[in-house]
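The values are calculated or read from the model by the stated rules, or taken from the named source; none is laboratory data. What you are looking at is a predicted structure, and each value in this text was computed from that prediction instead of being measured. All Cβ positions, glycine included, derive from the backbone under ideal geometry; neighbour counts span all protein chains shown. To get the accessible areas, we keep the full protein, side chains included, count just its heavy atoms, and leave off ligands, DNA and RNA. Shrake-Rupley method; radii C 1.70, N 1.55, O 1.52, S 1.80 Å.
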Amino acid sequence: MRQTTLVVAFAAAAAIVMAGVAGAARHATTFTFCTDPTFPPMELASSSGAVGGFDVEMGSALAHTFGETAKPLKTAFPGLIPALNAKKCDAVISGIFVTPDRQKQAGAVGYMETHRVLIVKSGNPKHVTGANASLKGLSVVVQAGTKYEEYLKSVKGKLGFSLQSYPGDNDAVAQVIIGRADVDLTQDTSFAFQAKAHPGKIAVAYTFPQKDTFGVYYRKGDPLGTKIKAGIAKLKRNGTLARIAAKYRIPAADVS
């Protein structure tokens, strides 16, 4: 009888311990998001390889709204949505536009509105005035796999410029700075970062009037989408997004 009692006691104790471990595991969850750290200040990698930037800080704050910690997963830009749908990450946060074609593949929650810009050398020596005939004969650069690249390819033949694509926005801007290219199409957020990093070397030749929306993408049908939507709304209401934006010199109005 004593042996039976001891066995039961040990079994009960083990069950309590296992329940505690299981409970801890359920609460020690991680929100992973795919991101391409080549588009500062939205996301960038340090010399040590650590990933930072507006989106990374927002991702962490967003995860906290539903009781989780965040972890960025480096992913090449063209593979962001495919990686999401392959369940390699829970979401995509990478300065990526909300567009109809992408919304056919995944759900999205917008969090920032910005404008596209044409970046040139300081003083605008080639006299670029917009996405028009002023680009004829010029060398234009862009980040590969982006909507910027898609747009430039669609007007390249009509406007008569040459086009070269690069893995990251940093690489494209660098071509303008060193004089190997005349124009880079990117976002005003990127220009703010690059102008600070390279004072007096670049300028905005043209700002597109229409706004673009950056969004957090999630798998269609995933209940996490509801949490993301509520979390973004909360971060806007409590001023968290505005505070992070100020740190990276992004206008507060872009995240209001």
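Quick notes on this structure:
- Between helix 224-237 and the chain there is an angle of about 70 degrees, using the helix long axis and the longest principal axis of the Cα atoms.
- A straight chain from R243 to K88 at 0.36 nm per residue would run longer than the Cα-Cα distance by 52.8 nm.
- For the chain, the per residue solvent-accessible surface stands at 49 Å², with DNA, RNA and ligands left out and a 1.4 Å probe.
- Degrees, to the nearest 10: 2-27 long Cα axis against longest axis of the chain: 10 degrees
- Surface share of carbon and sulfur [accessible, 1.4 angstrom probe, percent] for the chain: 58 percent
- With R₀ set to 41 Å, the beta-carbon distance separating H127 from L73 gives a calculated FRET efficiency near 0.45.
- Rolling a 1.4 Å probe over the protein chains gives S47 an accessible area of about 130 Å².
- Taking a ≥ b ≥ c as the square roots of the eigenvalues of the Cα gyration tensor, segment 40-130 is classed as prolate, since a/c reaches at least 1.5 and a/b is larger than b/c.
- Label-point gap, in nm, between S48 and T213 - each point 7 angstrom along Cα→Cβ: 3.7 nm
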